[in-house]
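Rule-based calculations on the coordinates, nothing more; no lab input. Worth saying up front: this structure is predicted, and the values here are computed from it rather than measured. Cβ placement follows ideal geometry from the backbone for every residue including glycine, while neighbour counts extend to all protein chains displayed.
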Amino acid sequence: MNQLKKRIVLLGTTWPFRPGGIATFNERLARALIAEGYEVVIYTFSLQYPGFLFPGTGQYSNQPAPIDLIIRIRVNSMNPFNWISVGKELRRLSPDILIIRFWIPWMAPALGTIARIVRKNRHTRVISLADNIFPHEKRPGDKLLINFFVRSIDGFVTLSYKVLDDLKKLRPSVPVLYTPHPLYDNFGKALSRGEALQNLGLDPNFRYLLFFGFIREYKGLDWLLTAFADPGMRKFPVKLLVAGEYYTSSNHYDQMITDYHLADHVILHTKFIDDSMVPSWFGVADLVVQPYKSATQSGVTQIAYHFEKPILVTDVGGLGEIVPHGKVGYSVSPNPAAITEALLDFLENNRTAEFTANIKVEKKRFSWEKMVETIEMLDDRILKNRLI
């Protein structure tokens, strides 16, 4: 590491918001940077979403603040005066690198304004870690907001080639580097199947397919229910676990379960899953299923890798990059028939041992050290561009 690069501010969701994909990632990234010798301060939100825009039941954590991280609760996503104030505060602080997490156009005015103000100190390099550029659920005005944000950043790190391509089309001159989503290794060791079954009160005589995470329309739970309703599935002692909070209406899915006569075959736990229970849900899973209709990348995949669980994804966005078909699981066409075919192959041919052995090897490429190295490489490019 270049010894001149010591101070980093990470601007993104962390505690006091409840742990989810982005908050968990940001806190884990901060720890990875600290492990490499950086001084890291996190700036998080005082208000992330107004209540009427938040689709879940609650935004805030019921856990104490992490004692190993410096977290400053500063950013109000709705208050332009706050954006200016935070921007000036960070401009004066003058970190070597400001890393801004971007995932939704709603945040573009706040984050883009802060970035523009900070860059005026002519020292801080502003890097965005971009989950998405174009959102899965599109709204009027998205392109205008996205362009405002993209033009405020010195360089981008993406977690999928799809997002890298989107950025190259929007702003060809900006440096962009790709690195895969690292493992979510913060959930601790895997539990034995028996312990996990006991924790969840599940019958050990069944095999379990797991749909995990917030339920949104683009995540394709309806496709999975259609696939799971195939008569061929009833030959096997298998149940579908749906574990995660609804971020959309449940009516459509409830009706499908009724229409397909799946009430005895689907177990719904549609509440927020606390971090302490994640090992149990993955501990009982024979196969983790992500039937997404659109995607860039997904943290659920990286939890599955951590717990060494076979994975089924639809080949949309960057998911196919992460799950080699027929090696660690399945990457299939985005439709219910293809999902059914893969599920039946897994159950009929008992692929668990084969896929698990390959996962143990494949997971080694998803390291947090690689993420830090990519940020360092991007920062070097930005510095060289400034000298030209």
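Do the sum for the chain: with -39,500 (n - 2.57) for every DSSP H run of n ≥ 4, divided by all residues, what is the mean residue ellipticity at 222 nm, to the nearest 500 deg cm²/dmol? Spell out each step's value before the answer.
Details: 14 runs with 149 residues, N = 388.
It lands at -11500 deg cm²/dmol.
When Lys and Arg each count +1 and Asp and Glu each count -1, what net charge do the other residues less than 10 Å away from S94, Cβ to Cβ, add up to? Working shown, then result.
Values: positive: R7, R91, R92, R122; negative: D96.
Surrounding charge for S94 is +3.
Under a 5 Å amide H to amide H cut-off, with H placed in plane at 1.01 Å, what residues pair with Y292 once short-range neighbours are removed?
T314
For the stretch 193-365, what's the radius of gyration and Dmax over Cα atoms, in angstrom?
According to the Cα coordinates of the stretch 193-365, Rg and Dmax are 14.7, 43 Å.
What stretch of the chain, leaving out the sites themselves, is the longest with no trypsin sites (Lys or Arg not before Pro) in a DSSP loop having at most 13 other Cβ atoms within 10 Å? Before the final figure, lay out the partial values.
Working: sites that count: K120, R122, K138, R151, K189, K271.
The longest uninterrupted stretch comes out as 1-119.
Considering the zone a paramagnetic label at K143 would reach in this model (a point 7 Å from Cα along the Cα-to-Cβ line), which residues of the stretch 157-190 have amide N under 19 Å from it?
Only 163-173 pass the distance filter.
Mind checking which of Q290, S46, T352 is farthest towards the positive end of the chain's charge dipole, using Cβ charges of +1 (Lys, Arg) and -1 (Asp, Glu) about the Cα centre?
Of the listed residues, the answer is S46.
Please work out, to two decimal places, the log10 of the ratio I(q)/I(0) at q = 0.21 Å⁻¹ from a Debye calculation in which every Cα of the stretch 274-388 carries one identical scatterer.
Here the Debye-derived log intensity ratios amount to -1.15.
Taking the chain as a Gaussian network, where each spring joins two C-alpha atoms under 10 Å apart, which residue of P64, P50, P291 fluctuates the most?
Of P64, P50, P291, the Gaussian network model singles out P64 as fluctuating most.
Around L209, with a cut-off of 9 angstrom between Cβ atoms, what is the net charge of the other residues, counting Lys and Arg +1 and Asp and Glu -1? Could the numbers behind the result be given before it?
On the way: positive: R207, K239; negative: D286.
My count for the surroundings of L209 gives +1.
Would you please report the Å³ per residue occupied by the convex hull of the alpha carbon atoms in the chain? Please list the in-between numbers first.
On the way: hull volume 53.3 nm³, N = 388.
Hull volume over Cα atoms, normalised by residue count, gives 137 Å³.
Can you give the Rg to Rh ratio for the stretch 114-156, taking only C-alpha atoms and Rh from Kirkwood?
On the way: Rg = 11.9 Å, Rh = 11.5 Å.
Radius of gyration over Kirkwood radius for the stretch 114-156 works out to 1.04.
Could you work out how far apart the two model spin labels at I67 and K364 are, taking each label as a point 7 Å from the Cα in the direction of the beta carbon, and quote it in nm?
In this crude label model, I67 to K364 measures out at 3.6 nm.
Can you pick out the pairs among K169/K384; K168/K309; K120/K162 whose Cα atoms lie more than 24 Å from each other? Mind showing how you got there, number by number?
On the way: K169/K384 22 Å; K168/K309 34 Å; K120/K162 31 Å.
The pairs that break the limit, which is 24 Å between Cα atoms, are K168/K309; K120/K162.
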